[in-house]
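*Asks:* Take this structure, written in structure tokens, and hold onto it; I'll ask about it next.
Please treat every number below as a calculation from the coordinates, not as lab data. These numbers were taken from a predicted model, which means no experiment stands behind them. Counting neighbours? That spans all protein chains shown, and the Cβs are built from the backbone with ideal geometry, glycine included.
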Amino acid sequence: MSSPVTPPATPVAAATDRPADNPGNFIEDRIAAEVAAGKARVHTRFPPEPNGYLHIGHAKSICLNFGLAKKFGGKTNLRFDDTNPETEETLFVQSIEEDVRWLGFAWDNHAYYASDYFEQLYEFAVALIKKGKAYVDSRSLDEIRATRGDFYKPGEDSPHRGRSVEENLELFGRMRAGEFPDGAHVLRAKIDMASSDVKLRDPVMYRIRRAHHHRTGDAWCIYPMYDWAHGQSDAIEGITHSICTLEFVNHRPLYHWFIEALDLPHHPEQIEFARLNLTYTVLSKRKLQELVLGKHVAGWDDPRMPTLAGLRRRGYTKEAIQAFCDRVGVSTRDSVVDVSLLEHALREDLNATSPRVMAVLRPLKVVIENMAEGEEQVFDAPYDPEKPDGPSRKVYLSREVWIEREDFAEVPAKKWFRLAPGQEVRLRYACLLRCTGVIKDEHGVVTELRCTWDPASRGGSAPDGRKVKGTIHWVSAKRALMAEVRLYDRLFKVENPLKDKDVDYTTHLNPGSLEVLPACPVEPSLAGAQPFDRVQFERVGYFAVDPDSKPGRPVFNRTIGLRDSWAALAGKGDGA
């Protein structure tokens, strides 16, 4: 039997002071104490199953594992726990690697796979059989479950539990050789069917399953169970801290039992923390797959999905996600985090990094009557209004411009500071504009405004000192680039879509989670925008260029509004 290789010790450094807005990290404190006591090294791993795309909950684990290793001078393995060939695909492997890189983390030399260790895991299982600690059970999984007992009732011994070592070795070898049909036998650990811990009641280690594996092909027809492969893979790689979410607390005794039964030279320590739960979201990979297969969304990377691919496509930044993960902290108690905390971190980052441009989502044409056909006025507009001497672009005022339909009222309310008949507003960066006429169609719908501009007000200030309170954005009709704009919102309309177990969670899907505006004029400075570029449409929100964009026809996804409209509706303030 080959033996696991433990990497050489790596010096570690003491933990640094925690930022004021970080609520705490008990794992970091624990490792810091170990370091102070002379523990040699820190080696973590991020071990996703390649059966779907990563989501925001995985980001917390990624940041935790890679962050701890970085803080203490250690390293982190990216390992794919690929023990279920029926649900795993190379596509998911590639998406996971892309997501981890996008978040800003790198793994050492190469990615690892549980399938790398299939031969060694088989040898480990043979060793347990020889020690009398594993046996072949020839009953079905349903029969095994029926005799396992529960918290109040001990399990029943299998009639095959007393098989000799020789018989078990022969049967297990024939299982591997493919001599039996699927489900004919399983290999079980021989622990204690009366144990108060149901997980220790002779758990299944191997099952026969003829399925094509994304890496090993058809070389194997028996596959290890997750609980069997997981701890041994950690030991083989020399992992020091096996950091898992809370649902694995009751797996820990079994995790340790396997390693101790094999008398492996390296013994990782399993530590559990609370998984991330968010309001207005589901973070079950199975539920997310159901949304994809049920065509409720356009795919795993739909911008409404909480997958990292979906968030990236929507315009989220890795910095915002990392800041959010730091702020929610690490604890041992399950709780639900308000999604507005994630959105707040996003707004903070986008506000600091996004160039400002103008776009009109629901256009209304304005004809400036005192401007000649072909005439054009040019203005400098900064990408960051707070840095007027910083980078800028040109905006062009022509006889015809587009404004937002909601910026005009034929019968204005009291304190209406936008455009109305006889009323004056400021065109952002350009001039003062007065409405002189309204044109309607046969149904009485306003289709066009007639206005005049004040040439003496270039830049937006009146030479006679008159005060104009309203400022609106606009785009030149002559220079406009027509774009498709996709207005994304939260996928679910209730805080906890899974609260009522008797109600299909898909009934809580938000029917307004996507609105497509096919022809929106945007300023010409956006002609060179590339997929995933982010901008703020002034007075509207933050947007990102979608990969569906084509030359001369960009597609913009709304990342998030300037303010939290959901909180405003709930009477919680704007949250921005």
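*Asks:* Contour minus end-to-end for Glu247 and Asp29, with contour as 0.36 nm per residue of separation and end-to-end as the Cα-Cα distance?
*Replies:* Here the answer is 76.3 nm.
*Asks:* What does the charge add up to near Pro524, with Lys and Arg as +1, Asp and Glu as -1, over the other residues with Cβ less than 9 Å from its Cβ?
*Replies:* Around Pro524, the surrounding residues sum to +2.
*Asks:* What full-extension length gain, to one decimal in nm, is calculated for Met482 and Phe417 as 0.36 nm per residue of separation minus the Cα-Cα distance?
*Replies:* 20.6 nm is the gain from fully extending Met482 to Phe417.
*Asks:* Which of Lys414/Lys440; Lys440/Lys467; Lys130/Lys190 have a Cα-Cα distance over 19 Å?
*Replies:* On the way: Lys414/Lys440 23 Å; Lys440/Lys467 30 Å; Lys130/Lys190 12 Å.
Those over the limit are Lys414/Lys440; Lys440/Lys467.
*Asks:* Could you put Arg333, Arg486, Arg45, Arg275 in order, starting from the residue whose Cβ has the fewest other Cβ atoms within 10 Å?
*Replies:* Taking fewest neighbouring Cβ atoms as first place, the list is Arg333, Arg275, Arg486, Arg45.
*Asks:* Mind running the shape call on region 357-479? Use the C-alpha gyration tensor, a ≥ b ≥ c as the square roots of the eigenvalues: rounded below 1.5 for a/c, prolate if a/b tops b/c, oblate otherwise.
*Replies:* Note, shape of region 357-479 comes out prolate.
*Asks:* What's the FRET efficiency of Arg563 with Glu442 using the Cβ-Cβ distance as r and R₀ = 45 Å, to the nearest 0.05?
*Replies:* Efficiency for this residue pair is about 0.75.
*Asks:* Run the reach check for Lys71 against aspartates and glutamates, Cα to Cα strictly under 18 Å, same-chain hits fewer than 8 apart removed. What comes back?
*Replies:* Hits, sequence-local ones excluded: Asp17, Asp21, Glu28, Asp29, Glu34, Asp108, Glu319, Asp326.
*Asks:* Related question: How large is the charge dipole for the chain, taken about the Cα centre, if only the Cβ atoms of Lys, Arg (+1) and Asp, Glu (-1) carry charge, to the nearest 20 debye?
*Replies:* Using Cβ point charges on Lys, Arg, Asp and Glu, the chain gives about 1160 debye.
*Asks:* Quick one, which of [x] 243; [y] 146; [z] 199 is the actual volume of the Cα convex hull per residue in Å³ calculated for this model?
*Replies:* The value computed from this structure is option [z].
*Asks:* How many nm is it between the label spots at Ala184 and Ala409, if each spot is 7 Å from the Cα in line with the beta carbon?
*Replies:* 8.0 nm
*Asks:* Would you list His256, His58 from fewest to most Cβ contacts within 10 Å?
*Replies:* Ranked by crowding around the Cβ, least crowded first: His256, His58.
*Asks:* Give me, ordered by chain and number, the residues 5 or more places off Asp384 or on other chains with an amide H under 5 Å from its own placed amide H.
*Replies:* Arg356
*Asks:* A further question on this structure: How much of the DSSP bridge set in the chain is antiparallel, in percent, rounded to the nearest 5? Don't skip to the end; give the middle numbers.
*Replies:* Values: 57 of 83 bridges.
Taking every DSSP beta bridge within the chain, about 70 percent pair in antiparallel fashion.
*Asks:* So, one more: Looking at Ile271, Ala352, Gly315, which one has the Cα that reaches farthest to the positive end of the dipole of the chain (charges on Cβ: Lys, Arg +1; Asp, Glu -1)?
*Replies:* Projecting each Cα onto the dipole axis, the largest value belongs to Ala352.
*Asks:* Under 25 Å Cα to Cα from Lys70, which lysines show up? Leave out anything in the same chain fewer than 8 places away.
*Replies:* Output for Lys70: Lys39, Lys60, Lys318.
*Asks:* A further question follows. Identify the GluC sites (Glu not before Pro) of region 150-240 meeting these criteria: DSSP loop state and at most 16 other C-beta atoms within 10 Å of the C-beta. Provide the component values of the computation, followed by the final result.
*Replies:* Working: sites: Glu156, Glu166, Glu167, Glu170, Glu179, Glu237; in loops: Glu156, Glu179.
Passing sites in region 150-240 are Glu156, Glu179.
*Asks:* What's the ranking of 342-349, 126-133 by average number of surrounding C-beta atoms within 10 Å, highest first?
*Replies:* Packing proxy ranking, top to bottom: 342-349, 126-133.
*Asks:* About its Cα centre, what dipole magnitude does region 357-479 give when the only charges are +1 on Lys and Arg Cβ and -1 on Asp and Glu Cβ, stated in debye to the nearest 20?
*Replies:* Rounded to the nearest 20 debye, it is 340 debye.
*Asks:* Tell me, what HN-Hα J-couplings in whole Hz come from the Karplus equation 6.51 cos²θ - 1.76 cosθ + 1.60 at θ = phi - 60° for each residue of region 294-310, using x for Gly and Pro?
*Replies:* For region 294-310, the Karplus-derived couplings read x, 6, 6, 9, 7, x, 4, 9, 4, x, 8, 7, x, 5, 5, 5, x Hz, x marking Gly and Pro.
*Asks:* Then there is this: Looking at Ile62, Ser340, Ala125, which one has the Cα that reaches farthest to the positive end of the dipole of the chain (charges on Cβ: Lys, Arg +1; Asp, Glu -1)?
*Replies:* About the Cα centre, the residue reaching furthest to the positive side is Ser340.
*Asks:* Taking other Cβ within 10 Å of each residue's Cβ, how do Thr559, Thr471 sort, fewest first?
*Replies:* Taking fewest neighbouring Cβ atoms as first place, the list is Thr471, Thr559.
*Asks:* Hey, with R₀ at 51 Å, roughly what FRET efficiency would Glu373 and Asp338 work out to, going by the Cβ-Cβ distance, to 0.05?
*Replies:* About 0.40, to the nearest 0.05.
*Asks:* Provide the gained length on full extension for the span Glu156 to Lys394, in nm with one decimal, where the gain is 0.36 nm per separating residue minus the Cα-Cα distance.
*Replies:* 77.7 nm
*Asks:* Between Ala527 and Glu348, how high is the FRET efficiency from 1/(1 + (r/R0)^6) when r is the Cβ-Cβ distance and R₀ = 45 Å? Nearest 0.05. Provide the component values of the computation, followed by the final result.
*Replies:* Working: r = 29 Å, r/R0 = 0.64.
It comes out at approximately 0.95.
*Asks:* Per residue of region 326-337, what does 6.51 cos²θ - 1.76 cosθ + 1.60 with θ = phi - 60° give for ³J(HN,Hα)? Whole Hz please, x for Gly and Pro, Karplus curve as stated.
*Replies:* Calculated HN-Hα couplings, in order: 5, 6, 6, x, 10, 9, 10, 10, 5, 8, 10, 8 Hz.
*Asks:* Cα gyration tensor of region 154-228, axes a ≥ b ≥ c as square roots of the eigenvalues: rounded (a/c below 1.5), prolate (a/b > b/c) or oblate?
*Replies:* oblate
*Asks:* Cysteines of the chain lacking any other cysteine beta carbon under 4.7 Å?
*Replies:* Cys221, Cys244, Cys431, Cys435, Cys451, Cys520
*Asks:* In region 40-196, with Lys and Arg counted as +1 and Asp and Glu as -1 at Cβ, which of these residues, Gly104, His43, Asn77, has the Cα nearest the positive end of the dipole, that is, farthest along it?
*Replies:* Selected residue: His43.
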